[in-house]
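Below is one structure; the comments refer to it alone.
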Amino acid sequence: MDIKDKSLKELETLSQEIRDRIIDVVSRKGGHFSSTLGAVELTLGMHYVFDAYSDPFIFDVSHQCYPHKLLTGRWEEFETVRQFGGLSGFTKPKESPADYFVAGHSSTSISLAVGAAKAIELKKENRVPIVMIGDGSMTAGMVYEALNELGDLKLPVVIILNDNEMSIAKPIGAISKYLSKLLAGKYYQGFKAKVDKFIKKNMPEGTTYIAKRMEEAMKLITPGILFEEMGIDYIGPIDGHDIAEIIDTLQIAKAMGKPVIVHARTVKGKGYKIAEGQHEHWHGVGPFNVEDGAFVKKEAPKAATAVFADALCELAQKYENIVGVTAAMPSGTGINKLIDKYPNRFWDVAIAEQHAVTSMAAMAKEGFKPYITIYSTFLQRGFDQIIHDVCLMNLPVVFAMDRAGIVGNDGETHQGAFDISYLRFIPNMILFAPRDDKTLELGLEFAYTLNSPSAIRYPRGAFKQLSYPSTQFELGKAELLKEGTSNKLFIGYGAGVTRAIDTEILHEDDITILDLRFVKPIDKEMLINLSKKYDTWYIFSDSQKQGGVSSAILEVLNEEKIFNIEIISFEYEDSFIEHGDTKDVEKHLQILPEQLIKKIK
Ligand SMILES: Cc1ncc(C[n+]2csc(CCOP(=O)(O)OP(=O)(O)O)c2C)c(N)n1
Ligand SMILES: CC(=O)[C@@H](O)[C@H](O)COP(=O)(O)O
Ligand SMILES: [Mg+2]
């Protein structure tokens, strides 16, 4: 939709239509809600001043990109957002040429803009990268790595800092406090008045000349701004819901031809009163009633996250040296409960996964037992820190990895597919997984006893509760759940054990089921023994096949020169897994028990 020739009044009407569409669709389908509502006017400003099909439009995390989708030919299709086969909830170039990059993990936007700006300069093109980044995402280290170079190179990049004074939860840390202080300032008004006066007095011919003078004007009224010190001009705070002010400012920022941060004050949830200014609750939602904001809740069994949080609470009470962190996901990981109860032992360190890992390594060195509670996908950010700061030092840090396996509607960027593959080869690391609630509780207690780094994984949502009695973990020991009479062996890992059991029930043969429990150290003895009885092994695990559970088993068989076993892995194939309701995605992957049984037969 070209909005460049719309009047201010028309733009205001459009902003209401966009909000109505988002509220209507998200209230029925679920999705990211309050961030995207708060970004409507800023997005309109971006589209008015820049060109989404030419200028790189870079949305950080991109959970706030719904207005952008609606403005770039996806109004009708928006009905399908986050559903299987439908629109992604994030920006995705495959979906539209107006989506510059895939995003979903935070704080990548300014680096992308710097790279794009370098390329634009080398290609001698006339395009300007425009970024939208939230205040919460300004806490991550990558942002400062990018600003560091940008302030030096002085390439033209416009960065809208969309500041609603919230991350998913409340904002954390010194940067947040600093931004709040800036928000409280009156810099923009002074700046604008000066610029207006200047333009009126000195003929408004040619933006380069005006921009040059603006720079001088700004220096007088933005003392000591961190960004200025880094070589990046700062304009703000502006009202991020005032379309005229946004357009005005973005035009100026674009004309300046150098890196500029436009600091905009916004209200998270703007336009839906019940959500306005609320954190957590309205960030990402399921279907709800628009009239009263009541969620259409389906009766759901207790999620693994809640089982984890309760169990860790009990352990923390028992062992005073247990500490823990989350990187900006307090309620998502359930650790908010512990932060409330033990504020001196459990922390939200903001979006700072690398720092979370390394700072907990030092706590382990000091004799504490850190539990890093983190989504499988976000731990990817702390990869080098796991190797260099935790495993190399052989420190007993526990990685409690939530959202392992298919996460559903967030899709490609968020699937917890890779953790086994990226952790398994690291020396000293112990990898194990519970199959249900009880074994999750046992696993957390077992982790406490370990003197090495360990990682335990559990899924989004609830485990299916199993009837097999639970025994405590024993390092490197698998558990034979059922001995059958056929030549087949089902090996399950974590939630994969349930998949194995559910598939076995559908098979007429009486099949042996092994809960592998540890993928590292793996139970070689058990595998060697089983190789003497069963010659066709099926591997069930909610993880990537490459480097995953079946790879680990094949390594053992190969080392032991056991070549007569056929291994059939039902792990994820070598591709990124799309978004959709988890059941739909699993069906697409053909890993539902009724599909697996057909493959086996
Ligand atoms: C690396 C990484 N860690 C954590 C998250 C989870 N996450 C998504 S949005 C968000 C909050 C971002 O806050 P902000 O940038 O201020 O955006 P807002 O939602 O307030 O608009 C968090 C923590 C993520 N996407 N990526
Ligand atoms: C955008 C983002 O990274 C988070 O909002 C994420 O979508 C939360 O996922 P859960 O719903 O699994 O907590
Ligand atoms: Mg925010």
Using a Förster distance of 45 Å, how high is the FRET efficiency between Glu276 and Glu559, based on the Cβ-Cβ distance and rounded to 0.05? 0.15
Charge context of Pro370, other residues only, Cβ under 15 angstrom, K/R +1, D/E -1: -2
Extension gain, Lys4 back to Asp340 (0.36 nm per residue minus Cα-Cα distance, nm): 116.1 nm
Could you list Asp348, Asp248 so that the one with the fewest beta carbons within 10 Å of its beta carbon is first and the one with the most is last? Asp248, Asp348
Cross-link reach from Lys181 to lysines, straight Cα distance under 24 Å and at least 8 residues apart if same chain, gives Lys170, Lys192, Lys194, Lys219, Lys268, Lys270
So between Gln251 and Tyr319, what do we pick up on full extension, going 0.36 nm a residue minus the alpha carbon distance? 18.7 nm
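Could you give the dipole magnitude of segment 264-332 about its Cα centre, charging the beta-carbon of Lys and Arg +1 and that of Asp and Glu -1, in debye to the nearest 20?
Dipole about the Cα centre, nearest 20: 280 debye.
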Take Glu121, project a point 7 Å from its Cα along the Cβ direction, then tell me which residues of segment 97-114 have their backbone nitrogen under 19 Å from it. 109-114
How many nm separate the modelled label positions at Lys599 and Thr80, each set 7 Å beyond the Cα in the direction of the Cβ? 2.5 nm
Under a no-solvent Debye model with one identical scatterer per Cα of segment 226-368, what's log10 I(q)/I(0) at q = 0.13, 0.15, 0.20 Å⁻¹? -0.88, -0.98, -1.16
Under-5 Å amide H pairs with Ser62, H placed in peptide plane, nonlocal only: none
Residue by residue through segment 412-419, the couplings from Karplus 6.51 cos²θ - 1.76 cosθ + 1.60 with θ = phi - 60°, in Hz, x for Gly and Pro, are 2, 6, 10, 4, x, 9, 9, 4
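Using just the Cα positions, wrap the chain in a convex hull and report its mean projected area in square nanometres, one decimal place.
28.7 nm²
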Cβ-Cβ cut-off under 11 Å around Val357, Lys and Arg +1, Asp and Glu -1: the net charge is -2
Rounded if a/c is under 1.5, else prolate if a/b beats b/c, else oblate: with a ≥ b ≥ c from the C-alpha gyration tensor eigenvalues square-rooted, which is segment 429-492? prolate
Check cross-link reach from Lys337 to the aspartates and glutamates: straight Cα distance under 15 Å, and skip same-chain residues fewer than eight apart. Glu280, Asp310, Glu314, Asp348
Unit charges on C-beta of K, R, D, E only; dipole of the chain, Debye: 940 debye
Sequence-distant residues sharing a close amide H with Gly284 (under 5 Å, placed H): Phe33
Rounded to the nearest 10, the angle in degrees between the Cα long axis of helix 109-122 and the longest principal axis of the Cα atoms of the chain comes to 60 degrees
Charge dipole of segment 10-285 built from unit charges on the beta carbon (Lys, Arg +1; Asp, Glu -1), centred at mean Cα; most positive-end Cα among Gly231, Phe101, Gln278 is Gly231
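Using 18 Å as the Cα-Cα cut-off, could you pick out the over-long pairs in Lys488/Lys599; Lys369/Lys477; Lys488/Lys545; Lys318/Lys369?
Exceeds cut-off: Lys369/Lys477; Lys488/Lys545.
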How many angstrom separate the Cα center of segment 340-394 from the Cα center of segment 84-129? 30 Å
In nm, to one decimal, how far is the modelled label at Gln472 from the one at Leu226, with both set 7 Å along Cα→Cβ? 4.7 nm
With the dipole of the chain defined by +1 on each Lys or Arg Cβ and -1 on each Asp or Glu Cβ, the option from Thr333, Ala146, Gly405 whose Cα lies farthest towards the positive pole is Ala146
For segment 10-285, how big is the tail of P(r) above 30 Å, as a whole percent of Cα pairs? 25 percent
Roughly how tilted is helix 174-183, in degrees to the nearest 10 and between 0 and 90, from the longest Cα axis of the chain? 30 degrees
Filter Lys69/Lys177; Lys123/Lys154; Lys302/Lys583; Lys524/Lys587; Lys29/Lys583; Lys6/Lys118 down to the pairs with a C-alpha to C-alpha distance above 21 Å, please. Lys69/Lys177; Lys524/Lys587; Lys6/Lys118
Around Lys177 (Cβ within 13 Å, Cβ-to-Cβ, excluding Lys177; K/R +1, D/E -1) the net charge comes to -1
At most 12 other Cβ atoms within 10 Å and a DSSP loop assignment: could you name the trypsin sites (Lys or Arg not before Pro) in segment 228-293 that fit? Lys273
Quick one: order Asp402, Asp523, Asp152 by neighbouring beta-carbon count within 10 Å, fewest to most. Asp152, Asp523, Asp402
Out of residues 5 or more away from Lys258 or on other chains, whose amide H comes under 5 Å of its own, with H placed 1.01 Å from N in the peptide plane? Val157
Relative to the longest principal axis of the chain, what angle (0 to 90°, nearest 10) does the C-alpha long axis of helix 437-449 take? 90 degrees
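Taken together, the values in this text are just the output of simple stated rules run on the coordinates, not laboratory data. Since this is a predicted model, take the numbers as computed values, not measurements. We place every Cβ from the backbone using ideal geometry, glycine too, and count neighbours over all the protein chains shown.
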